[in-house]
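The values are calculated or read from the model by the stated rules, or taken from the named source; none is laboratory data. Quick caveat: nothing in here was measured; it's all calculated off a predicted structure. With ligands, DNA and RNA removed, areas are computed over all heavy atoms of the protein, side chains included. Shrake-Rupley method; radii C 1.70, N 1.55, O 1.52, S 1.80 Å.
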Amino acid sequence: MVRKIIVCLTMTVAAIGSHRLVAQSLVLNDVTELETNFHKGFKWINLLRTELSIPVNNQIAFELASFSVSKSSDTYIANDLQTFSNIDAGNIPWTLAVLGINWQMKNSSLFIGIRNINEDYFTSPCTALFTNSSCGIFPTISANYPIANYPEASVGIDYKLNMNKWFLETSIYNGTGHHNLSGKENLFRFCPQTDGIFSITSLNYQNYGNSYFMGIALYNGMYPCNEVGIQEETIKTQKKGMSATLWTYAEQTLVPQVKVLAQYSFSTQRNKGCRYYLGSGLILYTTRSEGGLFIDYADFSSMGECACEITWKFPCLKNGYLQPALHFIKNTYGQNLVGMIRFGYNLSWNAHKSKSAF
């Protein structure tokens, strides 16, 4: 039923939006990444993302974001639990990240439809620089439950409130995320009784170039999961229930060209998954480029893992960038050194403006 409603709503808004093409915007992002463990391990990953926004009126807009992922191999080139590449996923020909209606009010907005967590949370400029997955979403959240975390999405509601220096955001999602467009496990599915409910709230404060974040995520009606987010329903001693994850992180400016990053998070679920996580980093800015060093430790129920990343991002070809990165990972499985080089390119078009990037 939910799927039929969303599809009908999409077709209606698209039809209305076709008469207002002068205001629509289109963005294409392409990222290609080469990875190696400096032995025999090698992987090539490609991510193509499309974003479309069609205003219906001055307050309401139809939003759609989709992506495709392809890679040369499914082989893991590093035995890590946190995932050193934040674009690595299975081969996905095409799926949705966003599909729904966004209602923009005076100082707030409300989105209803298909969405994933990565669209809104842990997206500050400092965390966005690094290529590891833990900066994109802390493992105390992503590793503990099969939620709507990239490449998965689910039915949800997202609300944002901007209060000058303060920013509040809260969301509710179907407890299990999917990327399939059809079948029983599809991203249009809304089944709290079997999939549970996931909610997340963040309160941010920004002033003088400094940013401070704190938040809480609540899980209700889901089975505990292992380190890779697989539900262990076969364990008869486990029961569905509620658990929480709390987090905080800060981005502090030392001088205009230098920022420090500090992160901490812990989960009330102590027997499975990631129990606590902490990280720190240093970000450097030059006139045309930026780079940084980041190190973190994640305590999983089976082992602890320490990961370190050194990266630098160089702009090129007007709308593109080149980003080499080096990852060092240490856990019970051993030590891994992974090198990568990432190339990204962005094309945007806005019919409301006379010029575009095409």
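Key figures for this structure:
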| quantity | calculated |
| --- | --- |
| For the chain, calculated [θ]222 nm from helices alone, where every DSSP H run of n ≥ 4 adds -39500 (n - 2.57) | -2000 deg cm²/dmol |
| Segment 78-87 - phi-based ³J(HN,Hα) in whole Hz, Karplus 6.51/-1.76/1.60, Gly and Pro as x | 8, 8, 10, 9, 8, 6, 6, 10, 7, 10 |
| Sequence of 74, 296 when ordered by accessible area, the most exposed leading, probe 1.4 angstrom | 74, 296 |
| Over segment 262-358, relative contact order from alpha-carbon pairs under 8 Å, at least 6 apart, % | 17 percent |
| Area of residue 119 that stays accessible when all protein chains are in place (1.4 Å probe, Å², to 10) | 50 Å² |
| Pair-distance profile P(r), taking every C-alpha pair of the chain, with 10 angstrom steps and integer % | 5, 22, 33, 28, 10, 1, 0 |
| Percent RCO, i.e. relative contact order, over the chain, from Cα pairs under 8 Å lying at least 6 residues apart | 15 percent |
| Heavy-atom SASA rank of 35, 63 (probe 1.4 Å, accessible area, largest first) | 63, 35 |
| When each of 165/272; 40/318; 160/259; 40/259; 43/259 is checked by Cα-Cα distance, pairs over 28 Å | 165/272; 40/318; 40/259; 43/259 |
| Probe 1.4 Å, accessible area per residue of the chain, Å² | 49 Å² |
| Contact order relative to length of segment 82-121, as percent, for alpha carbon pairs under 8 angstrom and 6 or more apart | 31 percent |
| Segment residue 159-residue 330, extension gain: residue separation times 0.36 nm, minus the distance between their alpha carbons | 57.7 nm |
| Between segment 54-126 and segment 302-347, the Cα center-to-center distance that results, in Å | 20 Å |
